[in-house]
1. Of all residues in segment 132-155, which are over 16 Å from the mean Cα position of the chain (by Cα) and aliphatic (A, V, I, L, M)?
2. Between Leu156, Leu165, which is aliphatic (A, V, I, L, M), within 19 Å of Pro130 (Cα to Cα) and either touching a Phe, Trp or Tyr at 6+ places or on another chain (Cβ under 8 Å) or not in a strand (DSSP E or B) (or both)?
3. For segment 227-245, how many residues meet the condition of being part of a helix (DSSP H, G or I), of a type outside the set (S, T, N, Q) and open to solvent by less than 70 Å² (accessible area, probe 1.4 Å)?
4. Considering only segment 183-211, state which residues are open to solvent by 20 Å² or more (accessible area, probe 1.4 Å), under 19 Å from Asp166 (Cβ atoms) and more than 15 Å from ligand 1 (Cβ to nearest atom).
5. State yes or no: is Lys134 in a helix (DSSP H, G or I), open to solvent by 30 Å² or more (accessible area, probe 1.4 Å) and modelled with pLDDT of 95 or more?
6. Determine if segment 80-90 includes at least one residue that is away from ligand 3 (no atom under 16 Å from the Cβ), in contact with a Gly (Cβ under 7 Å, 6 or more places away or on another chain) and either free of Cβ contacts under 8 Å to residues at least 60 places away in the same chain or among the basic types (Lys, Arg) (or both).
7. Residues in segment 137-153 that are surrounded by fewer than 16 Cβ atoms within 10 Å (Cβ to Cβ), within 16 Å of ligand 1 (Cβ to nearest atom) and either outside any helix (DSSP H, G or I) or without any contact (Cβ under 8 Å) to a residue 24 or more places away in the chain (or both): how many?
8. Report whether or not Phe62 is open to solvent by less than 20 Å² (accessible area, probe 1.4 Å) and in contact with a strand residue (DSSP E or B) (Cβ under 7 Å, 6 or more places away or on another chain).
Amino acid sequence: PAMQRTVEMRAALEADLRRALPRGQLQLHYQIQVDGEHRPLGAEALVRWNHPQRGMISPMQFIPIAEESSLILDIGNWVLDTACRQLALWGKQEQTRYMGLAVNVSAQQFRKRDFVETVTAIVREHGIDPARLKLELTESVVLSDVADVVAKMHALKAFGIKLSLDDFGTGYSSLSYLKQLPLDQIKIDQSFVRDIATDPSDAVMVQTIIDLAKNFRLEVVAEGVETKVQLDFLRKSGCMSYQGYLFGKPVP
Ligand code: C2E
Ligand code: MG
Ligand code: MG
């Protein structure tokens, strides 16, 4: 009976998700990213689903469902379009003109043959500076066809868009990928940050990722920073940008 309920719940959620976009139930929230002096550098866009009966649903619940079908493509394009519209608005105000915005891209989205054209068309349509847009890729993106991924990344970079590797260290990271990929930034996964002050191996892991990033001339940002202790440790390890509840939760 429990399995049956899970299956039914999932099927219902998928059916609802198909209607979420046309009914305007998706929303972007923004979480600030700061430098060592707490100055805002920009934000990460995080999608939310405001379900009419269930309330706010986390992307951890519905993105995996969307990824099993082509739904993720529609959602991904909507996220990109909405994020670029927000960037255009920020570009018009003195206080926010310099802010960048990071957008999560799923593997299926990135694999589309016309992904580069889609992104550049959206950037042009909103008339934004491409350098303000950062795409967050995960290791699962890179895993597929490395030659194709590298070619697309070079094309995006040539257009001026920034590239970041999300959740670094949790997937199938390989140093040979890191060497080939034209990245601007890596994000230290929050699972390493969480126990940084109490678990010596997490501390070593974080220090190693930061050193690695520096040697590859990449920016490094730590995610999931919740406490001053974590921040101090990261700062001592040479990290220079941060994201987490200590600085701000994702907000509409
Ligand atoms: P992510 O890209 O690694 O995003 C970071 C997640 O950590 C976010 O969860 C954020 O709210 C949460 N977080 C931030 N600071 C803290 C902190 O200090 N402590 C803790 N415990 N958590 C923190 P969220 O918004 O639930 O998103 C979860 C994941 O869903 C994202 O992980 C990303 O993989 C995916 N996702 C979100 N938006 C999109 C999207 O537009 N497209 C795609 N493809 N995936 C998305
Ligand atoms: Mg992310
Ligand atoms: Mg992450």
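1. First, the residues of segment 132-155 that are over 16 Å from the mean Cα position of the chain (by Cα): 143-152, 154-155.
Listed by number, the residues that qualify are Leu143, Val146, Ala147, Val149, Val150, Ala151, Ala155.
2. Values: Leu165 fails: either touching a Phe, Trp or Tyr at 6+ places or on another chain (Cβ under 8 Å) or not in a strand (DSSP E or B) (or both).
Exactly one of Leu156, Leu165 is aliphatic (A, V, I, L, M), within 19 Å of Pro130 (Cα to Cα) and either touching a Phe, Trp or Tyr at 6+ places or on another chain (Cβ under 8 Å) or not in a strand (DSSP E or B) (or both), namely Leu156.
3. Of segment 227-245, the ones part of a helix (DSSP H, G or I) are 228-236.
Going one step further and asking which of them are of a type outside the set (S, T, N, Q), we end up with 228-229, 231-236.
Filter once more, keeping what is open to solvent by less than 70 Å² (accessible area, probe 1.4 Å): 231-234.
Qualifying residue count, segment 227-245: 4.
4. Of everything in segment 183-211, those that are open to solvent by 20 Å² or more (accessible area, probe 1.4 Å), under 19 Å from Asp166 (Cβ atoms) and more than 15 Å from ligand 1 (Cβ to nearest atom) turn out to be Asp184, Met205, Thr208.
5. On the way: in a helix (DSSP H, G or I): no; open to solvent by 30 Å² or more (accessible area, probe 1.4 Å): yes; modelled with pLDDT of 95 or more: yes.
When the stated conditions are applied, Lys134 does not pass them.
6. Yes, segment 80-90 contains at least one residue that is away from ligand 3 (no atom under 16 Å from the Cβ), in contact with a Gly (Cβ under 7 Å, 6 or more places away or on another chain) and either free of Cβ contacts under 8 Å to residues at least 60 places away in the same chain or among the basic types (Lys, Arg) (or both).
7. 1
8. Details: open to solvent by less than 20 Å² (accessible area, probe 1.4 Å): yes; in contact with a strand residue (DSSP E or B) (Cβ under 7 Å, 6 or more places away or on another chain): yes.
Here the answer is yes, as Phe62 does meet what is asked.
The values are calculated or read from the model by the stated rules, or taken from the named source; none is laboratory data. Bear in mind that the values here come from a model prediction, so they are computed numbers and not experimental data. Cβ coordinates were reconstructed from backbone atoms using ideal geometry, including for glycine residues, and neighbour counts include every protein chain displayed. Ligands, DNA and RNA are stripped out before the accessible areas are found, and what is left, the full protein with its side chains, is counted by its heavy atoms. Shrake-Rupley method; radii C 1.70, N 1.55, O 1.52, S 1.80 Å.
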